[in-house]
Amino acid sequence: MIIGLVGKPSSGKSTFFKASTLAEVEIAPYPFTTIEKNEGVGFVKIDCVEKEFNVKCNPRFGYCLNSKRFVPVKLIDVAGLVPGAHEGKGLGSKFLNDLNEADALIHVIDISGSTNERGEQVPALSYYPGNDIKFLENELDQWYLSIIKKVWEKDAKKIQQAKVKVSEALFKQLSGLKVTEEMTENAVKELPAEIIKWNEDDLLKLSSILRIKSKPMIIAANKIDVPGSSGNLEKIKKEFPDYLIIPCSAESELALKEAAKKNLIEYIPGENNFKITGNLDERQKKALDFIKENVLDKFNSAGIQDCLNNAVFNILKYIAIFPGGLSKLSDSEGRVLPDVFLLPNDSTALDFAYKIHSDIGDKFVKAIDVKKRLAIGKDHKLKNRDVIEIKTS
């Protein structure tokens, strides 16, 4: 699973990325083989099951603070976009190519309206941030359209002569963008039945449908701490009711995490409070007071953790599953509840076994719901925060 961060220059995307990837504690190596310069690791937060078993967990990956488990996910911070990115303007080609593998997108916008469409500084509230949502949608739709047109250039005659299904041709062309054949089949049903009569508008509509399905997106309304930004937030919520729009302040989250890293405060990402534990100078006190009053108290969090959690659990609908055993919850090295796996919703016990290792899946006999102390079969659908033991032959 990969989450892509997108946004125009100066929207705060880089700060959002840094705030997402900075951990409060030193942690073990990440479970990803390659982390390139435009990639990083963020964390989704769940309630750890350690309290339910009266133990203290020892994560192999990620970390746990006050029974809040932080599970690593891969983030891609793509190049800042500008209008015309699909035509190669700015770093458009790189921006679009980097998005290929993303399962979901977080679009970071400057909700304060203090940067124009090119990312240039303008007076706060003088630019309408809803414009950025529209032009990103257009850039992505045009990108998909350019790929779909290749299908028509290559397979138009075969499609028209019914030698190949249009949905199959689309799937082959777009599978690298996480488009599934089911998506293409459903999308085609929303267009005129006579494919030969499809025009440019029909292809653009098809592009938009497939983009929405294969690259679901939430909006991170960044810089919400700037006075007057709440008005813009309410406007775009009304104009874009189909999007989940989350107010956030990447600078505030980054400041809180850096203070926690230096042991100046105790802070759990996504919470609406913190505890001062170190000696602060007057400047630091004022900064933290500002964050508490203008961000945490008003919006209940700095928003970054909410964005990540919503992308994984609400948009992609993943669930978190802990491996464990009835007799013991530790691994061969004595680490208690060392792992958490993120799986798609409706995953079964057998899916989980294969997620752990292909050999375990191949030798699956049964599974145990450790919380309920019940045996379950391979087709049993798992629930979020289940603790599962796999029995093999």
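The values are calculated or read from the model by the stated rules, or taken from the named source; none is laboratory data. Keep in mind the model is a prediction, meaning the values are calculated, not measured. When we count neighbours, we look across all protein chains shown, and the Cβ atoms used for this are built from the backbone with ideal geometry, even at glycine.
Quick rundown of the values:
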item: Complete set of residues in the range 366-377 that are outside any loop (DSSP other than H, G, I, E, B) and surrounded by fewer than 12 Cβ atoms within 10 Å (Cβ to Cβ); result: Leu374
item: Entirely in the range 34-103, the strands (runs of 3 or more DSSP E) that have 3 or more residues that are under 20 Å from the mean Cα position of the chain (by Cα) and either of a type outside the set (Gly, Ala, Ser) or modelled with pLDDT of 75 or more (or both); result: 39-47, 68-77
item: In the range 295-316, the residues that are in contact with a Pro (Cβ under 7 Å, 6 or more places away or on another chain) and not hydrophobic (A, V, I, L, M, F, W, C); result: Gly303, Gln305
item: Residue in the range 287-294 that is of a type in the set (Val, Ile, Thr), under 19 Å from Ala221 (Cβ atoms) and either over 24 Å from the mean Cα position of the chain (by Cα) or at pLDDT 95 or above (or both) present; result: yes
item: Unmet criterion (only one of (1) over 25 Å from the mean Cα position of the chain (by Cα); (2) in a loop (DSSP other than H, G, I, E, B); (3) within 20 Å of Glu293 (Cβ to Cβ)) for Gly231; result: (2)
item: Selection count where residues are crowded, with 18+ Cβ neighbours inside 10 Å and free of Cβ contacts under 8 Å to residues at least 24 places away in the same chain, scope the range 36-69; result: 1
item: Matching residues in the range 332-358 - criterion: being of a type in the set (S, T, N, Q) and over 16 Å from Tyr318 (Cα atoms); result: Ser332, Ser358
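Residue-by-condition table, conditions (1) buried (at least 16 other Cβ atoms within 10 Å of the Cβ); (2) under 26 Å from Ile2 (Cβ atoms); (3) in contact with a His (Cβ under 7 Å, 6 or more places away or on another chain); (4) outside the structural domain of Leu233 (by TED's automatic domain parsing):
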{"residue": "Leu105", "(1), (2), (3), (4)": "yes, yes, no, no"}
{"residue": "Arg118", "(1), (2), (3), (4)": "no, no, no, no"}
{"residue": "Ser146", "(1), (2), (3), (4)": "no, yes, yes, yes"}
{"residue": "Asp155", "(1), (2), (3), (4)": "yes, no, no, yes"}
{"residue": "Lys158", "(1), (2), (3), (4)": "no, no, no, yes"}
{"residue": "Val166", "(1), (2), (3), (4)": "yes, no, no, yes"}
{"residue": "Leu177", "(1), (2), (3), (4)": "yes, yes, no, yes"}
{"residue": "Met183", "(1), (2), (3), (4)": "yes, yes, no, yes"}
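So that you can scan it fast, the table gives a plain yes or no per residue for (1) among the polar types (S, T, N, Q); (2) free of Cβ contacts under 8 Å to residues at least 12 places away in the same chain; (3) over 30 Å from Pro72 (Cβ atoms):
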residue	(1), (2), (3)
Leu174	no, no, no
Met183	no, no, no
Lys189	no, yes, yes
Ser207	yes, no, yes
Pro216	no, no, no
Ile224	no, no, no
Ala250	no, no, no
Ile268	no, no, no
